[in-house]
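Peer 1: Pasting in a structure now, in structure tokens, and then I'll have a few things to ask.
The values are calculated or read from the model by the stated rules, or taken from the named source; none is laboratory data. Just so you know, these numbers come straight off a predicted model, no measurement behind them. Here the Cβ positions follow ideal geometry from the backbone for every residue, glycine too, while neighbour counts run over all protein chains shown.
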Amino acid sequence: MKLYNIKENDEQVSFAQAVRQGLGRNQGLFFPEALPALSDVDGLLEQDFVTRSSAILSALIGDELAPEQVSAMVDAAFQFPAPIKSVKEGVYALELFHGPTLAFKDFGGRFMAQSLAAVSDGGKITILTATSGDTGAAVAHAFYGMENINVVILYPKGKISPLQEKLFCTLGGNIHTVAINGDFDACQALVKQAFDDAELRQEIGLNSANSINISRLMAQICYYFEAVAQVPAAQRDNLVVSVPSGNFGNLTAGLLAKALGLPIKRFIAATNVNDTVPRYLETGRWEPKPTIATTSNAMDVSQPNNWPRIEELCRVKTWGLETLGKGAVTDEQSAAAVRELNQLGYLCEPHGAIAYQVLNQQLQADETGLFLCTAHPAKFKEVVDDILGADIELPAPLAKHAKLPLLSAELDADFDALKVILRQVQAK
Ligand SMILES: *Cc1c(COP(=O)(O)O)cnc(C)c1O
């Protein structure tokens, strides 16, 4: 597999290099040189999740890793299903939260851990990542206990749900968590600063497990195929997929799936009031505003760092950006959508409900709709309980972590202070 840096096209890397480096020069994102149209998509859709996903990822990775090895990685990473549920006539929910940390980021996080182990030269690696809530948990659990890999996770203090925090800040061992006095964009800026520091990068074997790492996106391509495979064949022609978006990795993966030949008519980019992308699609002007805290906090991102990949993909495929649906949803509207879904007999948290809300507004009579449920409702228990006046049950993994003490360090958004922590971790 060959990839190039979107910002500096002369930087070309292999899959192994892209996985190890995360980001290219000048903070450029890596993008696949070729997107092989899969030959027999209908045949693939007949296969089971792991078999099909191995075939897709092997086609992408090419001869760098043997198909059997890719299969073993997928098998280890995708140990849980991604079922679709019928919510009402012509509308399905794709449940991506059956993994160990109850959010879709388990797919990307776990496949990235497998990929990194597969391409590692055995030296010490420090994974540095910023999280708006769910990446942290997925990455922490995916790497927990792995040899020669230390994980440092930055998150905005007080801006993620208490249960989210419990899920990844209670592990200890090779997992180090830092609560930053700032918002998610501040955390992301610190990560970028660290990557720009060539000396530090070398010294601690820096790697990122953000959605910027290509292996994460590649894993996510697979559940779009899994979703379509479950939609009755008669409804597959006019499929519209609505993606609740923050950093836009999930939507990038969906569009990549379409580029590989998955029959999806169109996508909808659904956001909360942090609506840089919907406004951009409307006006053509990229004008991020300060991030606003919402009840769908994993989408509180005003400078989505995967967006350049979407632009690049649309350029390569000559897809007009105007073909992308869009919509921004307030907390009041997402609460109303949670209630509406509850009346339909479907329990949903605000991120998924935002995707439902925009889909429901824009779905045409002859179309079938699919919205992505990115987290288990219990992961946002406080919000969901509040909206529904309920007391929803915690699934076992959450209940277990909820009882453990937090182990996070606390830090101002100051790069020098972060460097001290990174060096301490590396020295351990
Ligand atoms: C991370 C996250 C999102 C946003 O996904 P992106 O790929 O960053 O757009 C949406 N919902 C939940 C629950 C998340 O954790």
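Peer 1: Considering each residue of segment 342-369, count those that are out of contact with any helix residue (DSSP H, G or I) (no Cβ under 6 Å at 6 or more places or on another chain) and hydrophobic (A, V, I, L, M, F, W, C), and give that number.
Peer 2: Residues meeting the conditions: 6.
Peer 1: Can you tell me which residue is nearest to Gln303 (Cα to Cα) among those in segment 127-154 that are of a type in the set (Val, Ile, Thr) and under 20 Å from the mean Cα position of the chain (by Cα)?
Peer 2: Kept after step one, since they are of a type in the set (Val, Ile, Thr), are these residues of segment 127-154: 127, 129, 131, 135, 139, 149, 151-153.
From what's left, under 20 Å from the mean Cα position of the chain (by Cα): 127, 129, 131, 135, 139, 151-153.
Numbers: Ile127: 22, Thr129: 16, Thr131: 14, Thr135: 17, Val139: 21, Val151: 24, Val152: 22, Ile153: 19 Å.
The extreme case among them is Thr131.
Peer 1: In segment 196-212, is there at least one residue being among the acidic types (Asp, Glu), without any contact (Cβ under 8 Å) to a residue 40 or more places away in the chain and under 30 Å from Phe49 (Cα atoms)?
Peer 2: no
Peer 1: Something else about it: Output the residues belonging to segment 283-301 that are aliphatic (A, V, I, L, M) and either surrounded by fewer than 20 Cβ atoms within 10 Å (Cβ to Cβ) or assigned to a loop (DSSP other than H, G, I, E, B) (or both). Steps first, please.
Peer 2: Narrowing segment 283-301 to residues aliphatic (A, V, I, L, M): 292-293, 298-299, 301.
Answer for segment 283-301, where residues must be aliphatic (A, V, I, L, M) and either surrounded by fewer than 20 Cβ atoms within 10 Å (Cβ to Cβ) or assigned to a loop (DSSP other than H, G, I, E, B) (or both): Ile292, Ala293, Val301.
Peer 1: Can you tell which of Gly173, Gly205, Gly158 is surrounded by fewer than 22 Cβ atoms within 10 Å (Cβ to Cβ), closer than 19 Å to Gln426 by Cα and out of contact with any strand residue (DSSP E or B) (no Cβ under 7 Å at 6 or more places or on another chain)?
Peer 2: Every option except Gly173 fails the conditions.
Peer 1: I would also like to ask the following. Among the residues of segment 142-158, count how many are of a type outside the set (Phe, Trp, Tyr) and either farther than 25 Å from Phe248 by Cβ or touching a Phe, Trp or Tyr at 6+ places or on another chain (Cβ under 7 Å) (or both).
Peer 2: Residues meeting the conditions: 9.
Peer 1: On to the next question. Kindly evaluate Thr131 against the criterion of being crowded, with 24+ Cβ neighbours inside 10 Å and polar (S, T, N, Q). Let's see the steps before the verdict.
Peer 2: Working: crowded, with 24+ Cβ neighbours inside 10 Å: yes; polar (S, T, N, Q): yes.
So Thr131 passes the test.
Peer 1: Just checking: which of the helices (runs of 4 or more DSSP H) contained wholly in segment 159-274 hold 1 or more residues that are within 15 Å of the ligand (Cβ to nearest atom)? So that I can check it myself, show each step before the final result.
Peer 2: Values: elements: 162-168, 184-196, 198-204, 214-230, 249-259.
Fully inside segment 159-274 and qualifying: 162-168, 184-196, 214-230, 249-259.
Peer 1: Only residues that are in a helix (DSSP H, G or I), over 19 Å from the mean Cα position of the chain (by Cα) and of a type outside the set (Lys, Arg): list them for segment 302-327, please.
Peer 2: Correct list: Cys314, Val316, Leu321, Glu322, Thr323.
Peer 1: Within segment 275-291, which residues are under 20 Å from the mean Cα position of the chain (by Cα) and away from the ligand (no atom under 15 Å from the Cβ)? I'd like the intermediate steps shown before the answer.
Peer 2: The first filter runs over segment 275-291 and keeps only residues under 20 Å from the mean Cα position of the chain (by Cα), leaving 275-278, 291.
Residues satisfying the conditions do not exist here.
Peer 1: Taking the conditions exactly as written (small (Gly, Ala, Ser) and out of contact with any Asp or Glu (no Cβ under 7 Å at 6 or more places or on another chain)), does Ala103 satisfy them or not? Spell out how you get there, then give the answer.
Peer 2: Details: small (Gly, Ala, Ser): yes; out of contact with any Asp or Glu (no Cβ under 7 Å at 6 or more places or on another chain): no.
Judged against the criteria, Ala103 is not a match.
Peer 1: Taking into account only those residues within segment 345-392 that are surrounded by fewer than 15 Cβ atoms within 10 Å (Cβ to Cβ) and hydrophobic (A, V, I, L, M, F, W, C), which is farthest from Glu95 (Cα to Cα)?
Peer 2: Looking at the filtered set, the residue picked out is Ala365.
Residues checked against (1) in contact with an Asp or Glu (Cβ under 8 Å, 6 or more places away or on another chain); (2) in contact (Cβ under 8 Å) with a residue 40 or more places away in the chain; (3) within 19 Å of Asp106 (Cβ to Cβ):
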site: Gln343; (1), (2), (3): no, no, no
site: Tyr346; (1), (2), (3): no, yes, no
site: Leu370; (1), (2), (3): no, yes, no
site: Ala375; (1), (2), (3): yes, yes, yes
site: Ile387; (1), (2), (3): no, yes, no
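Peer 1: Only one residue in Ala18, Ala66, Ala76, Ala34 is closer than 25 Å to Ala103 by Cβ, of a type in the set (A, V, I, L, M) and surrounded by fewer than 16 Cβ atoms within 10 Å (Cβ to Cβ), so which one is that? Quick ask: steps written out before the conclusion?
Peer 2: On the way: Ala18 fails: surrounded by fewer than 16 Cβ atoms within 10 Å (Cβ to Cβ); Ala66 fails: closer than 25 Å to Ala103 by Cβ; Ala34 fails: closer than 25 Å to Ala103 by Cβ.
Result of the check over Ala18, Ala66, Ala76, Ala34: Ala76.
Peer 1: Which numbered condition trips up Trp319, out of (1) away from the ligand (no atom under 16 Å from the Cβ); (2) closer than 24 Å to Pro232 by Cβ; (3) among the aromatic types (Phe, Trp, Tyr)?
Peer 2: It is condition (2) that Trp319 fails.
Peer 1: Is it true that some residue in segment 289-303 is on the phi < 0 side of the Ramachandran plot, charged (D, E, K, R) and modelled with pLDDT of 95 or more? So that I can check it myself, show each step before the final result.
Peer 2: To start, the set of residues in segment 289-303 that are on the phi < 0 side of the Ramachandran plot comprises 289-303.
Now narrow it down to the ones that are charged (D, E, K, R): 289, 300.
Those still in the list that are modelled with pLDDT of 95 or more too: 289.
Scanning segment 289-303 turns up at least one residue that is on the phi < 0 side of the Ramachandran plot, charged (D, E, K, R) and modelled with pLDDT of 95 or more.
Peer 1: Does Ala227 count as surrounded by 24 or more Cβ atoms within 10 Å (Cβ to Cβ) and among the small types (Gly, Ala, Ser)? Working first, answer last.
Peer 2: Working: surrounded by 24 or more Cβ atoms within 10 Å (Cβ to Cβ): yes; among the small types (Gly, Ala, Ser): yes.
Judged against the criteria, Ala227 is a match.
Peer 1: Moving on to the next point. Going by the structure shown, is Leu398 surrounded by 17 or more Cβ atoms within 10 Å (Cβ to Cβ), within 16 Å of the ligand (Cβ to nearest atom), at pLDDT below 95 and within 23 Å of the chain's Cα centre (by Cα)?
Peer 2: Details: surrounded by 17 or more Cβ atoms within 10 Å (Cβ to Cβ): yes; within 16 Å of the ligand (Cβ to nearest atom): yes; at pLDDT below 95: yes; within 23 Å of the chain's Cα centre (by Cα): yes.
In short, yes.
Peer 1: Of a type in the set (D, E, K, R) and assigned to a helix (DSSP H, G or I) - does that describe any residue in segment 354-375? Steps first, please.
Peer 2: So the first thing to find is which residues in segment 354-375 are of a type in the set (D, E, K, R), and the list is 366-367.
After this cut, where a residue has to be assigned to a helix (DSSP H, G or I) as well, the list is none.
Within segment 354-375 (the criterion being of a type in the set (D, E, K, R) and assigned to a helix (DSSP H, G or I)), the answer is no, since none of the residues qualifies.
Peer 1: Having 3 or more residues that are among the aliphatic types (A, V, I, L, M) is the bar; report the strands (runs of 3 or more DSSP E) wholly within segment 83-144 that clear it.
Peer 2: 91-95, 125-130
Peer 1: In segment 339-353, how many are in a helix (DSSP H, G or I) and within 9 Å of the ligand (Cβ to nearest atom)? Spell out how you get there, then give the answer.
Peer 2: First, the residues of segment 339-353 that are in a helix (DSSP H, G or I): 339-343, 350-353.
Now narrow it down to the ones that are within 9 Å of the ligand (Cβ to nearest atom): 350-352.
Counting residues in segment 339-353 that are in a helix (DSSP H, G or I) and within 9 Å of the ligand (Cβ to nearest atom) gives 3.
Peer 1: Now for a separate question. Evaluate segment 85-98: report whether one residue or more is closer than 15 Å to Gln220 by Cα, of a type in the set (A, V, I, L, M) and buried (at least 16 other Cβ atoms within 10 Å of the Cβ).
Peer 2: The answer is yes; a qualifying residue exists.
Peer 1: Can you tell me which residues in segment 61-82 are in a helix (DSSP H, G or I) and touching a helix residue (DSSP H, G or I) at 6+ places or on another chain (Cβ under 6 Å)?
Peer 2: Narrowing segment 61-82 to residues in a helix (DSSP H, G or I): 61-64, 67-77.
The answer is Ile61, Glu64, Pro67, Val70, Ser71, Met73, Val74, Asp75, Ala76, Ala77.
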